[in-house]
Amino acid sequence: MSRSYAFCLFPHVSQSQKRVTVTPRSLTRICLISVFALIASSSHAQIDRWFSVQPIRIYDDAGLNPAPMPLFQAETEKIFAQAGVAPIWLPTVQVNDSSMLVVSSVSDVNVPGNGQHVDPLTVNMWFVEDLDIGPDWILFGSAYINGNGVVINGTDVSTWGGGRRDTIAHELGHNMDLEHETLGAGGGENLMTAGTSRDVPGDISHITPDGDNLSQLTAAQITQLRSSPFLGTVAEVLVDTNGSTPYSTDDFFLVDFASGPLGMSLSSLTMDLSPVNAFLDPTAADPGAVGTPFALNAASMSGVTAGDLTISGDTDGSQLLTIDFAAGSFTEGDSFRFGIDADLYTNIDGYGATPEELMGTLFTFEFDSGLLSEAEIEDDLIASSIKPIKNLSFSDYNIIRQIETPFQWELHPDPVRAVPEPASVLLFGIGALLAWNPRRRQNKFIENRGS
Ligand SMILES: [Zn+2]
């Protein structure tokens, strides 16, 4: 079995030295990339894809001295947001094994029974104390290209320049089949460029589309990434408001399953009125002597029946209304309208909360997979499960997906990826840093390529 390696080689430079020299030609290229990325970013302001990450933290044999775990969650989320994708971080798994604290490659930790998630399409990410590839080198991370598995050098990613904030996203990009010099990578501002010439954001305010506009993905990279088998879909469900008050209506709220994969269904919808200081007023009981109950608009029921819906929380003073759906009943193309009186605590029994006053009301969309999307009513008077969202998570992650063999074959002509055996995976993406000694770097580079 032959192996090919991709190296990310970094000269030892301080952060103040990290910017590339800007010549007129490279400036043009950088500007073009910037505009390109901003367009790509704005077209994906929504989050309609997710992937799951299983952090695996190595401790010593006694269960002490854990490897540092620089997840850089917010930075990684911001980087992937430009592709309309959100990482979902599963609870960390602890592995006690002193021999795993210092390794040299993801293949050293990707051995059976080493904390991997049972779902083959959840990315396993090991955090070790050090990646040791020789005294003159720092290896920040190592990841399969188009495969499942990343190992992170917890110490150096934590401490380099106050934190190497793009390494987690860079290595995840390798798993999703992105490389150093393809699909527009190669410039300082691109996430996937090798570390030698990549500008690392000093803090989150320099990640695209802000500040120095770093960690960009090109449209071609986004297309590639979004085709990765690691990704799942967030279906689009909307809650729209209709009219001027929910009082005495059965159609003030429209719930519309606008788009989603075949078979995906909504299992529950919760409306939380507490952010806008409002409450439900279904009867004459306090608070609010004048109220109207929950009512479905019979004529609006499309693809779903009243019998599929179970309502709870529709009591006086309640700030939480929940609609549970019969399994599989509410799917793409289905919609219905309902009403229930809601008042502001600052105006009990007044006109009733207007759509504008309900801006900020928080909806939680729970899908049959357990995926939870939280979104509030925005200034367009709509809450959407994909745009913009406040949070994406799983109530209980128990997904075990199948790797589709034909799709896999199209992505990479190497069917062994379905079985994460390190010896059978063809390509590795490796991020390395070597001492700032050009002559030595050359020698070391050749030496490593030959090894
Ligand atoms: Zn790399």
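The values are calculated or read from the model by the stated rules, or taken from the named source; none is laboratory data. None of these values were measured; they are calculated from a predicted model. Heads up, the Cβs are rebuilt from the backbone with ideal geometry, glycines too, and the neighbour counts pull from every protein chain shown.
Show me the strands (runs of 3 or more DSSP E) found entirely inside segment 302-389 where at least 1 residues are free of Cβ contacts under 8 Å to residues at least 24 places away in the same chain. Before you say what the answer is, go through the steps one by one.
Numbers: elements: 309-312, 320-325, 335-339, 342-344, 362-367, 371-376, 382-384.
Once the strands (runs of 3 or more DSSP E) in segment 302-389 are filtered for at least 1 residues that are free of Cβ contacts under 8 Å to residues at least 24 places away in the same chain, what remains is 309-312, 371-376.
Please go through segment 219-228 and give me each residue that is within 16 Å of the ligand (Cβ to nearest atom) and either within 17 Å of LYS78 (Cα to Cα) or surrounded by fewer than 18 Cβ atoms within 10 Å (Cβ to Cβ) (or both), ordered by number.
GLN221, LEU225
Look at GLY188 and say whether it is touching a Ser or Thr at 6+ places or on another chain (Cβ under 7 Å) and either of a type in the set (Ser, Thr, Tyr) or closer than 19 Å to GLY141 by Cβ (or both).
Here the answer is yes, as GLY188 does meet what is asked.
Tell me which helices (runs of 4 or more DSSP H) are completely within segment 97-215 and hold 2 or more residues being more than 13 Å from the ligand (Cβ to nearest atom) and out of contact with any helix residue (DSSP H, G or I) (no Cβ under 9 Å at 6 or more places or on another chain), or say none if there are none.
154-159
So if I check each of ILE152, ILE204, which one is surrounded by fewer than 20 Cβ atoms within 10 Å (Cβ to Cβ), of a type in the set (Val, Ile, Thr) and assigned by TED's automatic domain parsing to the domain that holds ASN114?
ILE204
Which residue, of ARG417, ARG449, ARG439, is within 16 Å of the ligand (Cβ to nearest atom), at pLDDT below 95 and either among the acidic types (Asp, Glu) or on the phi < 0 side of the Ramachandran plot (or both)?
From the options ARG417, ARG449, ARG439, the qualifying one is ARG449.
I'm told GLY186 meets every condition in (1) without any contact (Cβ under 8 Å) to a residue 12 or more places away in the chain; (2) crowded, with 24+ Cβ neighbours inside 10 Å except one. Can you identify the failing condition by its number?
(2)
Being over 20 Å from GLN221 (Cα atoms) and of a type in the set (D, E, K, R) is the filter; apply it to segment 52-86 and report the residue that is nearest to the chain's Cα centre (by Cα).
Among residues in segment 52-86 that are over 20 Å from GLN221 (Cα atoms) and of a type in the set (D, E, K, R), the one nearest to the chain's Cα centre (by Cα) is ARG57.
Go through (1) under 23 Å from SER373 (Cβ atoms); (2) crowded, with 23+ Cβ neighbours inside 10 Å and name the single condition HIS174 misses.
The failed condition is (1).
Exactly one of (1) under 24 Å from the mean Cα position of the chain (by Cα); (2) surrounded by fewer than 21 Cβ atoms within 10 Å (Cβ to Cβ); (3) at pLDDT below 95 is unmet by ASP132. Its number?
(1)
Among the residues of segment 260-283, write down those that are under 25 Å from the mean Cα position of the chain (by Cα) and assigned to a loop (DSSP other than H, G, I, E, B).
Scanning segment 260-283 gives GLY260, PRO261, LEU262, GLY263, MET264.
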